[in-house]
Amino acid sequence: MGSAAGSWRGATLAWALALLAWAGRAGALDNGLARTPTMGWLHWERFQCSTDCTREPLSCISEQLFMQMADLMVSDGWKDVGYEYVCIDDCWMSLTRDDQDRLQPDPERFPSGIRKLADYVHSKGLKLGIYGDVGNKTCAGFPGSYGYYDLDAQTFADWGVDLLKFDGCNYGTLDQLVEGYRNMSLALNKTGRSIVYSCEWPLYMRPMQKPNYTEIKHYCNHWRNFADIYDAWNSVKNTLEWTVLHQDSIVDVAGPGGWNDPDMLVIGNFGLSWDQQLTQMALWAVMAAPLLMSNDLRHISPQAKWLLQNKHVIAINQDPLGKQGYRITKDNNFELWERPLSGGAYAVAVLNRQEIGGPQIFSFSTSFLGNGLACNPACSIQQILPTSEDWGLHNWVSFLNIEVNPTGTVLLKVVVIGDSPDQKPIMNINKKLSPDIL
């Protein structure tokens, strides 16, 4: 009897431990999604809350807009380089829920319904994103999900939605904010559909309490930290400044399945110079940020398209190691950033923050990079932006002098060479930006 009882107790303990492990997994996001940063298109910065389709038929938030963007993402090569999600932001809803308390789209602007729109997007080999809010109302005053998390999650799943951007307006108390983000994460998991979960949890929490990023990553695939971006250099600059100020607390948590989101790419719009567009693309790649464009793909310059579709920059952003980059030094108006990549390589960005005068030269030793290991004993350096150029072989005491335009960035990829190369590494190099992009 003693032996049998011992076996029974052992089996019971094993079963209980297995149940606890299963419960822990069920409580986490653990949806297998966003193993690299999400790429796609999001309407908000460019089209905002335009709902008058009579007055603004080409820019109102309607099924026509998203179908056109889906068409262009396929025909103009966006899908081929990795842009996958066509995302609806705020202002898609009717002002009231239906008679079964379900969210419903505006019947005039989305007459076919979200299910039909999702089917159309899926037929193009793309995925559909949608918007909701943790509180009673969205930021634009449409119905929020408070009290309806399970119902709304199931509605999105029934429609075939692939990503949910979940905003944080009108949330009530801090406890309601936190519980709302947790509950929607669990509700999405329970639907059984793969839905990327994009949160704004730390953005709304930070004014009252320091966010717990380990917990946030437990529930979200990516999360906004800072204010909405807009089409101006000051906005991009402020986002970078905030990131640097808080990099000690946000960089290490990022990785496959969960990313810091500095907000949309505004490349191809009106407010950024060419150098500033280069800076946003380069630094978003280094920061392992979701690449969600907010522009009009019907009217985008060849230059902006070249930048947004640059396969070498996208490869840095999508690097499978999944490490977020960070600023390693600041010298007057220059900033030096790096990002560890797979295979022991590094992405390196040199940003010139000066906003007056002409190009300036920044000088540094390769020993600065990767804690002295990025070019030890030797490395090859490839310039990625503003143009593609092979800088040849270097060693750990090479010295680089790089000319960078005001508010511009030079993006490099440094690949370590384990054994000393037969060719003697270049000890000194001077590089200038070329204005000839295309």
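Quick notes on this one:
- Meets criteria (touching a helix residue (DSSP H, G or I) at 6+ places or on another chain (Cβ under 8 Å) and modelled with pLDDT of 95 or more) for R97: no
- Among the candidates D231, D252, the residue that is part of a loop (DSSP other than H, G, I, E, B), within 18 Å of the chain's Cα centre (by Cα) and surrounded by fewer than 16 Cβ atoms within 10 Å (Cβ to Cβ) is uniquely D252.
- For the stretch 124-141, a residue qualifies if it is open to solvent by 20 Å² or more (accessible area, probe 1.4 Å) and either assigned to a loop (DSSP other than H, G, I, E, B) or on the phi > 0 side of the Ramachandran plot (or both), and the qualifying residues are K124, G125, N136, C139, A140, G141.
- Restricting E200, E241, E215 to those that are of a type in the set (D, E), open to solvent by less than 40 Å² (accessible area, probe 1.4 Å) and within 22 Å of the chain's Cα centre (by Cα) reduces the list to E200.
- So E241, is it of a type in the set (D, E) and free of Cβ contacts under 8 Å to residues at least 24 places away in the same chain: yes
- Test set (1) touching a residue at least 40 places away in the same chain (Cβ under 8 Å); (2) open to solvent by 20 Å² or more (accessible area, probe 1.4 Å) - F226 fails condition number: (1)
- Yes/no for L283 being under 30 Å from P406 (Cα atoms) and in contact (Cβ under 8 Å) with a residue 60 or more places away in the chain: yes
- Flag for V410 being open to solvent by less than 60 Å² (accessible area, probe 1.4 Å) and either more than 26 Å from the chain's Cα centre (by Cα) or closer than 20 Å to N238 by Cα (or both): yes
- The stretch 306-342 - residue that is touching a residue at least 60 places away in the same chain (Cβ under 8 Å) and aromatic (F, W, Y) and, of those, farthest from V416 (Cα to Cα): W306
- Any hit, the stretch 345-359, residues being among the small types (G, A, S), open to solvent by 10 Å² or more (accessible area, probe 1.4 Å) and either in contact (Cβ under 8 Å) with a residue 12 or more places away in the chain or closer than 24 Å to Q277 by Cβ (or both): yes
- Within the stretch 119-134, being of a type in the set (G, A, S) and either out of contact with any Asp or Glu (no Cβ under 8 Å at 6 or more places or on another chain) or modelled with pLDDT under 95 (or both) holds for S123, G125.
- For the stretch 77-98, a residue qualifies if it is free of Cβ contacts under 8 Å to residues at least 60 places away in the same chain, closer than 30 Å to H312 by Cβ and either touching a strand residue (DSSP E or B) at 6+ places or on another chain (Cβ under 8 Å) or crowded, with 18+ Cβ neighbours inside 10 Å (or both), and the qualifying residues are K79, E84, V86.
- Taking the stretch 40-69 as the range and being under 17 Å from K165 (Cβ atoms) and either part of a loop (DSSP other than H, G, I, E, B) or open to solvent by less than 50 Å² (accessible area, probe 1.4 Å) (or both) as the test, the residues that pass are G40, W41, L42, H43, E45, F47, Q48, C49, I61, L65, F66, M69.
- Inside the stretch 369-386, residues that are more than 26 Å from S273 (Cα to Cα) and buried (at least 17 other Cβ atoms within 10 Å of the Cβ) make up a count of 9.
- Residues that are buried (at least 18 other Cβ atoms within 10 Å of the Cβ), of a type in the set (A, V, I, L, M, F, W, C) and part of a helix (DSSP H, G or I) within the stretch 142-154 comprise just one, A153.
- Comparison of V74, V161 shows that the only residue that is surrounded by fewer than 19 Cβ atoms within 10 Å (Cβ to Cβ), hydrophobic (A, V, I, L, M, F, W, C) and either touching a Lys or Arg at 6+ places or on another chain (Cβ under 6 Å) or part of a loop (DSSP other than H, G, I, E, B) (or both) is V74.
- When the residues of the stretch 387-398 are filtered to those that are closer than 24 Å to I314 by Cα and over 29 Å from the mean Cα position of the chain (by Cα), the one that is least open to solvent (accessible area, probe 1.4 Å) is W391.
- Residue tally, condition open to solvent by less than 10 Å² (accessible area, probe 1.4 Å) and either hydrophobic (A, V, I, L, M, F, W, C) or not in a loop (DSSP other than H, G, I, E, B) (or both), over the stretch 164-197: 12
- For the residues I130, I114, the requirement of being of a type in the set (A, V, I, L, M) and within 24 Å of Q176 (Cα to Cα) singles out I130.
- Conditions (1) part of a loop (DSSP other than H, G, I, E, B); (2) in contact with a Gly (Cβ under 8 Å, 6 or more places away or on another chain); number of the one not met by W223: (1)
- Failed condition for N295, given (1) part of a loop (DSSP other than H, G, I, E, B); (2) polar (S, T, N, Q); (3) surrounded by fewer than 23 Cβ atoms within 10 Å (Cβ to Cβ): (3)
The values are calculated or read from the model by the stated rules, or taken from the named source; none is laboratory data. In this text, all values refer to a predicted model and were calculated from it rather than measured experimentally. No Cβ is skipped: glycine too gets one built from the backbone with ideal geometry, and neighbour counts run over all protein chains shown. Surface areas here come from the heavy atoms of the whole protein model, side chains and all, with no ligands, DNA or RNA. Shrake-Rupley method; radii C 1.70, N 1.55, O 1.52, S 1.80 Å.
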